[in-house]
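The values are calculated or read from the model by the stated rules, or taken from the named source; none is laboratory data. The model shown is predicted, which means the values in this text are computed figures rather than measured ones. Counting neighbours? That spans all protein chains shown, and the Cβs are built from the backbone with ideal geometry, glycine included. What goes into the accessible areas is simple: the full protein's heavy atoms, side chains included, and nothing from ligands, DNA or RNA. Shrake-Rupley method; radii C 1.70, N 1.55, O 1.52, S 1.80 Å.
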Amino acid sequence: MIKPNVTPQFLAAQGFSATIVERWWDKVFVLTYDRGCWLWVAATDHNGYGVIGRGGHDGQMMSAHRVGFILFREPLSNGEPLLHSCHNSLCVNPWHLRKGSQWENVHDMIESGRMPRGEDRGHAKITSLDAQEIRFLYGLGHTQKELGKRFGLCQQTVSQIVTREKWTHV
């Protein structure tokens, strides 16, 4: 186990209890310390990222990879994005993380193929087959308004599907 060089005053200033280091390590599996991922093996949030309590009486939870970054690298401001170079949401290795912007984070997700598309997104109203059918029917002469009613979409969304502004992957 690698010990971070942090003082009790630093932990308190970050809102952590004095036991955070030991509790954090208890939930991390490390196969190799040189370059591999350090895997979080405890509770996760709805996006698959590890979470751990700060240790105070308020029960406040924090992302485990953010805690590791703060303990081993440097403090973070609230909401400051961290990007995983390994693209593994369970990795808490602080050297697999770097500070970045929200734009960089989204761009990184798109480039690595981790951004949900089409019906894999939780709020999709149609499927990939529906998008293909809309394009086909539009090509046969159906109006965007007709297709919107048929598929439960507004005309503008049908237009974006037809012109491939939306559902570009099909």
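Below, the figures for the structure above:
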| quantity | calculated |
| --- | --- |
| Residue match in region 97-117 (condition: of a type in the set (G, A, S), surrounded by fewer than 14 Cβ atoms within 10 Å (Cβ to Cβ) and modelled with pLDDT of 95 or more) | no |
| Condition broken by K3, with the remaining ones in (1) over 30 Å from G113 (Cα atoms); (2) touching a Gly at 6+ places or on another chain (Cβ under 9 Å); (3) open to solvent by 80 Å² or more (accessible area, probe 1.4 Å) satisfied | (2) |
| Lone qualifier among V21, V67 - being assigned to a helix (DSSP H, G or I), open to solvent by less than 30 Å² (accessible area, probe 1.4 Å), out of contact with any Leu (no Cβ under 9 Å at 6 or more places or on another chain) and free of Cβ contacts under 8 Å to residues at least 60 places away in the same chain | V67 |
| Candidate set: region 30-43, residues that are at pLDDT 95 or above and open to solvent by 50 Å² or more (accessible area, probe 1.4 Å); chosen: the one nearest to V92 (Cα to Cα) | L39 |
| All positions within region 133-146 that are outside any loop (DSSP other than H, G, I, E, B) and surrounded by fewer than 14 Cβ atoms within 10 Å (Cβ to Cβ) | F136, G139, K145 |
| Test: residue in region 101-116 that is part of a loop (DSSP other than H, G, I, E, B) and closer than 30 Å to I20 by Cα | yes |
| So H87, is it at positive phi, in a loop (DSSP other than H, G, I, E, B) and surrounded by 14 or more Cβ atoms within 10 Å (Cβ to Cβ) | yes |
| Residue count for region 155-170, restricted to those that are of a type outside the set (S, T, N, Q) and surrounded by 13 or more Cβ atoms within 10 Å (Cβ to Cβ) | 6 |
| Number of the condition not met by G59 [criteria: (1) out of contact with any strand residue (DSSP E or B) (no Cβ under 7 Å at 6 or more places or on another chain); (2) among the small types (G, A, S); (3) assigned to a loop (DSSP other than H, G, I, E, B)] | (1) |
| Residue within region 147-156 that is assigned to a loop (DSSP other than H, G, I, E, B) and within 26 Å of the chain's Cα centre (by Cα) present | no |
| Of residues in region 44-64 being in contact (Cβ under 8 Å) with a residue 12 or more places away in the chain and more than 23 Å from K99 (Cα to Cα), the one surrounded by the most Cβ atoms within 10 Å (Cβ to Cβ) | G55 |
